[in-house]
1. Select from segment 200-230 the residues that are under 18 Å from Tyr155 (Cα atoms) and out of contact with any Gly (no Cβ under 9 Å at 6 or more places or on another chain) and write down the one among them that is surrounded by the fewest Cβ atoms within 10 Å (Cβ to Cβ).
2. Could you tell me whether segment 144-160 includes any residue that is crowded, with 16+ Cβ neighbours inside 10 Å, in contact with a Pro (Cβ under 6 Å, 6 or more places away or on another chain) and modelled with pLDDT of 95 or more?
3. Would you point out which residue out of Val139, Val146 is among the aliphatic types (A, V, I, L, M) and within 12 Å of the chain's Cα centre (by Cα)?
4. Out of the residues in segment 189-204 that are under 12 Å from Leu145 (Cα atoms) and either in a helix (DSSP H, G or I) or among the aromatic types (Phe, Trp, Tyr) (or both), which is nearest to the chain's Cα centre (by Cα)?
5. Within segment 83-98, how many residues turn out to be in contact (Cβ under 8 Å) with a residue 40 or more places away in the chain and of a type in the set (Phe, Trp, Tyr)?
6. Checking the structure you have, find out if any residue of segment 118-141 is under 26 Å from Asp237 (Cα atoms), at pLDDT 95 or above and either β-branched (Val, Ile, Thr) or surrounded by fewer than 22 Cβ atoms within 10 Å (Cβ to Cβ) (or both).
Amino acid sequence: LGPPLPDPPRLHNPCCGGVACAGSMAREDSASAKEEDLPDYDAETCIQGSGESNGFGDSAPNGGSSSAAIRSSGFRDFLLKPELMQAVVECGFEHPSEVQHACIPQAILGTDVLCQAKSGMGKTAVFVLACLQLVDTSVDEVRVLVLCHVRELAYQIEHEFMRFGKHFSKLRIAAFYGGSPIEKDKEKLKAACPHILVGTPGRILWLTKGGKNDEDAPLKLGSVTHFVVDECDKCIDNLVLRKDVQQVFIR
């Protein structure tokens with residue numbers, strides 16, 4: 001009958017109250033030799049595709065190794081909002097990767113998720129699609145907060161939210177990170193509060209402080225419903241980042 005099936009990606013109920021995506025976890029998957037004519041796939045085998053990126057760290061549509069492993073499931077099975085499903089279809093994606101198949105439904109249901117998988121498995125899609133599915137755009141408050149350890153990653157995640165949230169007419173997305181003028185961040189917050197906010201812990205923490213009175217702070221996080229820490233292993237390993245993440249979460 002072949003070897004037992006591998007364990008699914010780790011689903012956990014951490015105290016952080018959101019989605020945490022960690023680094024790589026070595027795994028080897030193989031199909032049973034007696035299963036009809038299904039090809040065997042190994043975690044170390046690279047399935048040749050167009051070589052383009054889908055923005056989630058995967059190969060191009062229909063070329064990802066993990067997407068090929070799950071052909072009986074599609075993104076339509078997640079019952080996504082029409083606006084979100086339209087963007088997914090326009091990008092040419094049909095089948096979720098293994099980690100997406102396991103984690104996205106849990107995240108949409110409101111379960112706290114600790115997602116750990118190899119690089120390129122599509123961990124970013126877990127929180128991007130789940131947050132877009134659940135975000136409330138009827139209020140002028142920050143509903144989704146995504147923290148990451150470097151500004152390049154914050155910039156990338158912001159654009160993934162924009163790419164898959166382009167059909168949400170009222171959705172506002174912003175990214176704040178070190179190295180950019182902080183006065184511009186204040187102006188953005190004053191002009192229109194974003195529903196989805198991506199940023200580095202230090203800059204986000206600074207914006208939540210208002211001198212002697214935090215009520216005067218440019219950024220208020222009391223209405224956040226979804227808290228995400230991307231590459232959480234790197235944020236936790238760094239003592240300064242860990243402290244900033246904890247203080248942001250408390251606020």
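The values are calculated or read from the model by the stated rules, or taken from the named source; none is laboratory data. The structure presented is a predicted model; accordingly, all values stated were derived computationally and were not measured. Reconstructed Cβ throughout: ideal geometry from the backbone, glycine too, with neighbour counts over all protein chains shown.
1. Narrowing segment 200-230 to residues under 18 Å from Tyr155 (Cα atoms): 200-205, 207, 227-230.
Still in the running and out of contact with any Gly (no Cβ under 9 Å at 6 or more places or on another chain): 201, 204-205, 230.
Numbers: Pro201: 25, Ile204: 26, Leu205: 20, Asp230: 23.
Filtering first and then ranking leaves Leu205.
2. Looking for residues that are crowded, with 16+ Cβ neighbours inside 10 Å, in contact with a Pro (Cβ under 6 Å, 6 or more places away or on another chain) and modelled with pLDDT of 95 or more, one finds at least one in segment 144-160, hence yes.
3. Details: Val139 fails: within 12 Å of the chain's Cα centre (by Cα).
After ruling out the rest, the residue left standing is Val146.
4. Pro201
5. So the count comes out to 0.
6. yes
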